[in-house]
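**Student:** One structure is given below, represented as C-alpha cells, and several questions about it will come after.
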Amino acid sequence: MKNKPIIVLTGDMRSVFLEIFFKTLKRKKYKSPLLLICSKKDLEFQMKMFGFQRKIREVDFNHVFKTQIDNKSINILNIDKKNYYINNYNSKTNNYYINKSFKIAFDLIKKNYTNKLINGPVNKKKFLRKKFLGITEYLASKFNKKDVGMLIYNKNLSVCPLTTHLPIKKVVKKITKKLIQDRIKMIFNFYKKNFDFEPRIGVTGLNPHCESIDKINEDTSIVKKAIQNCKKFKISVEGPFPADTIFLKNNRGNYDVILGMYHDQVLTPIKTLYEYNAINLTMGLPFLRVSPDHGPNEKMYGQNKSNSKSLTMALDFLDKK
C-alpha cells in the first residue's frame with residue numbers, strides 16, 4: 001500500500017468515540033486506509049443509533065496482510081464473534097474488550113503491518129487498575145520501552161509533562177537532571193523527525209515563582225543545570241520559568257513546546273487555551289501513537305453532542321505520515 005493503514009481502536013465501549021469517528025468520516029476523506037478493531041455488533045448498533053450509513057467490510061485477521069483495503073467501506077477486524085458486549089456491558093467485559101483490541105493492534109504493529117495507531121479514550125482507573133500511571137506507560141511496557149513521553153500537540157504550542165499521572169507528593173522525588181535532559185532531547189528529536197524543524201523549548205520550574213524557602217531549591221540545583229547541559233547540544237531551550245507566567249501571550253509565543261514538571265502544571269493551561277484543538281502523542285515508541293486529547297465521557301454516550309475536533313486532528317496527523 002502506498003499509504004500505510006491507520007489502526008483505530010475504539011477504547012472504552014461506553015464512550016463517545018464512535019460518535020466522533022462517524023462525524024469525522026462525514027467531514028474528511030483520508031488517503032491512508034483505516035482499519036477499525038472493534039465489535040461488529042456494537043459498530044452496527046451505534047451506526048443505527050447515530051444515523052450513519054456506510055458499508056462495513058469485515059477483514060479476516062489471518063489474511064489481513066494480503067487484503068487490500070480502502071476507505072470506501074469501514075474496514076473492521078471483529079474483536080469477538082460472540083458479540084455479547086452491548087447487552088452485557090460491565091467493567092470486566094469492557095476491560096476484556098480493550099485488552100484484546102490492544103493485543104491485536106500490537107501484534108499487527110510488531111509484524112510491520114503499519115506504524116500508525118489511534119486509540120479511543122480509556123478510563124484509566126478502571127482499565128489499568130493502578131498497574132500503570134497511564135496509557136503512555138502501558139504502551140511503553142508492551143514494547144519494552146522505559147523512556148517515553150507524553151506530548152499534547154497543537155501546531156501553535158505544545159506541552160509535555162515530565163511526570164504524568166503521578167500524585168503531587170511523589171513528583172519531587174521523580175525529578176532528576178537526567179530525566180529532564182532526556183526529555184528535552186526526546187522532544188527535540190521527535191520534532192526534527194516528525195515535523196522537520198528544531199523546536200524552541202521552554203521549561204517551567206517546579207516551585208512557585210521558581211523560589212523555595214528550603215535550603216535546596218530544585219529549580220537551581222536540578223532544572224537549571226539540566227537546561228544548561230542541553231544547550232551544549234545546540235538545543236534551543238530556556239528556563240526555568242515560573243509556571244504562572246510562561247503561558248501569558250507574550251511569553252508562550254517564544255516557544256513551540258513547554259516542558260512542565262507535572263501533569264496539571266501544563267495540561268490545565270493548554271486545555272484552557274485550545275480545548276479540543278490538540279492531540280495526545282506518545283514519544284519514544286517504535287511507532288506513531290495518537291489519541292484524542294479527552295476522556296471517554298460516558299455521561300455523553302449516545303447524545304450526539306460531542307466535539308470531534310481532536311479525533312479529526314489525530315487522523316490528519318497520521319494521514320500525512
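The values are calculated or read from the model by the stated rules, or taken from the named source; none is laboratory data. Here the structure is a predicted model, which means the values were calculated and not measured. Note: ideal-geometry Cβ built from the backbone for every residue, glycine included; neighbour counts use all protein chains shown.
**Student:** SER308 is checked against (1) assigned by TED's automatic domain parsing to the domain that holds LYS28; (2) over 22 Å from ARG14 (Cα atoms); (3) not charged (D, E, K, R) and fails just one. What number does that condition carry?
**Tutor:** Every listed condition holds for SER308 apart from (2).
**Student:** Looking at segment 284-293 only, could you name the residues that are surrounded by fewer than 22 Cβ atoms within 10 Å (Cβ to Cβ) and touching a Leu at 6+ places or on another chain (Cβ under 9 Å)?
**Tutor:** LEU285, PHE287, LEU288
**Student:** Being at pLDDT 95 or above, more than 30 Å from LYS66 (Cα to Cα) and of a type in the set (A, V, I, L, M): is that true of ILE180 here?
**Tutor:** yes
**Student:** While we're here: Under the condition of being surrounded by 19 or more Cβ atoms within 10 Å (Cβ to Cβ) and more than 28 Å from LYS4 (Cα to Cα), which residue from segment 67-105 is modelled with the highest pLDDT?
**Tutor:** ASN94
Quick grid of which residues meet (1) small (Gly, Ala, Ser); (2) closer than 21 Å to ASP256 by Cβ; (3) touching a residue at least 60 places away in the same chain (Cβ under 8 Å):
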residue: ARG129; (1), (2), (3): no, no, no
residue: LEU133; (1), (2), (3): no, no, no
residue: LYS146; (1), (2), (3): no, no, no
residue: ILE152; (1), (2), (3): no, yes, yes
residue: VAL171; (1), (2), (3): no, no, yes
residue: LYS174; (1), (2), (3): no, no, no
residue: LYS193; (1), (2), (3): no, yes, no
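**Student:** Yes or no: segment 129-141 includes at least one residue that is farther than 30 Å from ILE69 by Cα, in a strand (DSSP E or B) and small (Gly, Ala, Ser).
**Tutor:** no
**Student:** Could you please give the count of residues in segment 180-201 that are under 18 Å from LEU281 (Cβ atoms) and either outside any loop (DSSP other than H, G, I, E, B) or β-branched (Val, Ile, Thr) (or both)?
**Tutor:** 14
**Student:** Further question on the same structure: If you scan segment 47-66, which residues turn out to be loosely packed, with under 15 Cβ neighbours inside 10 Å and under 17 Å from ASN112 (Cβ atoms)?
**Tutor:** Of everything in segment 47-66, those that are loosely packed, with under 15 Cβ neighbours inside 10 Å and under 17 Å from ASN112 (Cβ atoms) turn out to be PHE61, ASN62, HIS63, PHE65, LYS66.
**Student:** Restricting attention to segment 159-176, which residues are surrounded by fewer than 17 Cβ atoms within 10 Å (Cβ to Cβ), in contact with a helix residue (DSSP H, G or I) (Cβ under 9 Å, 6 or more places away or on another chain) and under 18 Å from ASP147 (Cα atoms)?
**Tutor:** LEU166, THR176
**Student:** Then there's this: Would a scan of segment 247-260 turn up a residue that is assigned by TED's automatic domain parsing to the domain that holds LEU117, surrounded by 19 or more Cβ atoms within 10 Å (Cβ to Cβ) and of a type in the set (Val, Ile, Thr)? Talk me through it step by step, then tell me what you get.
**Tutor:** Going through segment 247-260, the residues assigned by TED's automatic domain parsing to the domain that holds LEU117 turn out to be none.
Checked segment 247-260: no residue is assigned by TED's automatic domain parsing to the domain that holds LEU117, surrounded by 19 or more Cβ atoms within 10 Å (Cβ to Cβ) and of a type in the set (Val, Ile, Thr).
**Student:** State whether one or more residues within segment 227-250 are touching a residue at least 12 places away in the same chain (Cβ under 8 Å) and of a type in the set (Lys, Arg).
**Tutor:** Step one: of segment 227-250, the residues touching a residue at least 12 places away in the same chain (Cβ under 8 Å) are 227, 229-230, 233, 235-244, 246-247.
Cutting the leftovers down to of a type in the set (Lys, Arg) gives us none.
The answer is no; no qualifying residue exists.
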